[in-house]
Amino acid sequence: MREPSDPNDLVTHLWSSTARKSDGVLEVGGVALSDLVAEHGSPAYVLDEADFRARARAFRDAFVDYDVFYAGKAFLSIAAARWIAEEGLGLDVCSGGELSVAERAGFPMARVELHGNNKTVGELERAVRLGVGRVVVDSFDEIERLAAVVAREGRPARVMVRVTAGVEAHTHEYIATAHEDQKFGFSITSGDALEAVRRVLDAPGLELLGPHSHIGSQIFDSAGFEVAAKRVLALHARVATELGATMPQMDLGGGFGIAYTTQDDPAEPARLAAEMSAIVAHECRALGIAEPHLSIEPGRAIAGPAMCTIYEVGTVKAVRLDGGAVRTYVSVDGGMSDNIRTALYDADYSCTLASRVSDAPPVLARVVGKHCEAGDIVVKDEFLPGDVAPGDLLAVPGTGAYCRSMASNYNHALRPPVIAVRDGVARVVVRRETEDDLLATDVGGLE
Ligand code: LLP
């Protein structure tokens, strides 16, 4: 890490588009976060509505001929679902709970798809009754189960077949192997994918759309998609020659990366779209097959940068390390219950002092939470002004994806609210939990 010339400065590309500082106070959506905390308390997730919508639109506009489904697992609320609907995207849900958010938001069900490697019969029935646009099947058991559900309900279902293309992609690297040791999908190489397609074709009431491949997350370029698309299109060709059927569609999943720190350099949606379309067109020509209609499922790249988390500093401790250096531990009023990603994935985040300007020289700080666990780290390393003190506000950018959606009540913490900001107005879209919420399920069970 390099020491910044001024630790007060925002590294703007890590923040949502309306974030700026005024006399050291961070503003998002025209709302000063010090005012937001004064009214709503901390910690809080701050959601920049204009930025969220703009990122959704950017994917829809860049991937012109595609269907774009927002992956709701990254962050989902009724308001977010409405914005996604208004911006013209579809919604990918992967549980009955996510489906109920779509329902409450009045999301057009024809634009909803249901994922999951172990959907319950209840979830499948509900999806079929609601008329979701497509169900992505993930096992032979499920094909049988769904066929029975559509027969019982007397309503058909449109189906995609989740396949494993033998590609695992992480940021700059991808690994292409023949070995597919994971729970999702049907292996193309083993022949299971072809068999799954055959069973869907044979099942009355199931309409086959095509294969679905999701290769990983936080991917920065199209190399992994290229290998996956080639293998999946080869399946299209085999289905045509061996089963005499056409698969009209193909889904390439999500996984588009974002910048969490200055080390990350993700590609723009327009570049990815151009590259992915060129790969598919080239491969289809080579195989002599028609180009399938394409779809994608970005989650992180829409929600991630649109949100930041605001915390209040509670304690500051200088800890002497072996060798004599000092690390400044800054404890905030949240932690691994509102952002598990640092502890779980060793993820990198950054942060900034959000409530004042400081001319103190920077110190290397570690931002930690208030949980009873040494691994409760929010930001591993950041240069903060050396006079950072209790009562200061700190903001962490890029927390929109998988922070609120993976938040927990560890140590009986209350999950923070999500507050949407736009044009100078702050609106609570998910309220802060209360101790009554927390204890509502603890029914005692005593005589
Ligand atoms: N489609 C499918 C089938 C997926 O499984 C996922 C993510 C996505 C789309 C969206 O991927 P995205 O564009 O958001 O990368 N909890 C982890 C990420 C797990 C992703 C699971 N599937 C994290 O916090 O990094």
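At-a-glance table
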| read-out | value |
| --- | --- |
| Selection count, the stretch 321-354, where residues are among the aromatic types (Phe, Trp, Tyr) and within 23 Å of the chain's Cα centre (by Cα) | 2 |
| Among the residues listed as 92, 67, 61, the single one being closer than 18 Å to residue 253 by Cα, outside the structural domain of residue 417 (by TED's automatic domain parsing) and more than 16 Å from the ligand (Cβ to nearest atom) | 61 |
| Qualifying residue in the stretch 244-257 (condition: without any contact (Cβ under 8 Å) to a residue 60 or more places away in the chain, of a type in the set (Asp, Glu) and not in a loop (DSSP other than H, G, I, E, B)) | no |
| Test: residue in the stretch 277-286 that is within 15 Å of the ligand (Cβ to nearest atom), touching a helix residue (DSSP H, G or I) at 6+ places or on another chain (Cβ under 6 Å) and not in a strand (DSSP E or B) | no |
| Qualifying position, being among the charged types (D, E, K, R), within 25 Å of the chain's Cα centre (by Cα) and more than 16 Å from the ligand (Cβ to nearest atom), among 265, 251 | 265 |
| Any hit, the stretch 232-241, residues being within 16 Å of the ligand (Cβ to nearest atom) and either modelled with pLDDT of 95 or more or assigned by TED's automatic domain parsing to the domain that holds residue 152 (or both) | yes |
| Count - residues of the stretch 63-83 that are in contact with a helix residue (DSSP H, G or I) (Cβ under 6 Å, 6 or more places away or on another chain) and crowded, with 19+ Cβ neighbours inside 10 Å | 9 |
| Matching residues in the stretch 165-217 - criterion: being aliphatic (A, V, I, L, M) and within 30 Å of residue 348 (Cα to Cα) | 165, 167, 169, 175, 176, 215 |
| Members of the stretch 266-315 found to be among the β-branched types (Val, Ile, Thr) and crowded, with 18+ Cβ neighbours inside 10 Å, listed by number | 279, 280, 289, 296, 302, 309, 310, 313 |
| All positions within the stretch 391-400 that are more than 16 Å from the ligand (Cβ to nearest atom) and touching a Phe, Trp or Tyr at 6+ places or on another chain (Cβ under 6 Å) | 394 |
| Condition met for residue 163 (free of Cβ contacts under 8 Å to residues at least 40 places away in the same chain, assigned to a strand (DSSP E or B) and buried (at least 24 other Cβ atoms within 10 Å of the Cβ)) | no |
| Total residues in the stretch 388-429, condition loosely packed, with under 14 Cβ neighbours inside 10 Å and under 18 Å from the mean Cα position of the chain (by Cα) | 1 |
| Residues located in the stretch 199-218, provided they are over 13 Å from residue 139 (Cα atoms), away from the ligand (no atom under 12 Å from the Cβ) and not in a strand (DSSP E or B) | 201, 202, 203, 204, 205 |
| Positions within the stretch 287-296 being in contact (Cβ under 8 Å) with a residue 24 or more places away in the chain and more than 16 Å from the ligand (Cβ to nearest atom), in sequence order | 287, 288, 289, 290, 292, 293 |
| Failed item, numbered, when residue 263 is tested on (1) crowded, with 18+ Cβ neighbours inside 10 Å; (2) in contact (Cβ under 8 Å) with a residue 60 or more places away in the chain; (3) out of contact with any helix residue (DSSP H, G or I) (no Cβ under 9 Å at 6 or more places or on another chain) | (1) |
| Subset of the stretch 1-35 (residues that are in a loop (DSSP other than H, G, I, E, B) and aliphatic (A, V, I, L, M)) | 1, 10, 11, 19 |
| Residue ranges of strands (runs of 3 or more DSSP E) in the stretch 36-101 with at least 1 members without any contact (Cβ under 8 Å) to a residue 40 or more places away in the chain | 90-93 |
| Residue satisfying all of: in the stretch 401-431; within 12 Å of residue 335 (Cα to Cα) and small (Gly, Ala, Ser); farthest from the ligand (Cβ to nearest atom) among these | 413 |
| Pair list, Cβ under 7 Å, 6 or more apart: the stretch 327-352 residue part of a strand (DSSP E or B), other residue within 16 Å of the ligand (Cβ to nearest atom) | 332/378 |
| Filtered residues of the stretch 142-160 (kept if buried (at least 24 other Cβ atoms within 10 Å of the Cβ) and in a loop (DSSP other than H, G, I, E, B)) | none |
| Flag for residue 105 being touching a Lys or Arg at 6+ places or on another chain (Cβ under 9 Å), within 16 Å of the ligand (Cβ to nearest atom) and in contact (Cβ under 8 Å) with a residue 12 or more places away in the chain | no |
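The values are calculated or read from the model by the stated rules, or taken from the named source; none is laboratory data. Since we're looking at a predicted model, the values are computed, not measured. FYI the Cβ positions are ideal-geometry reconstructions off the backbone, even for glycines, and counts take in every protein chain you see.
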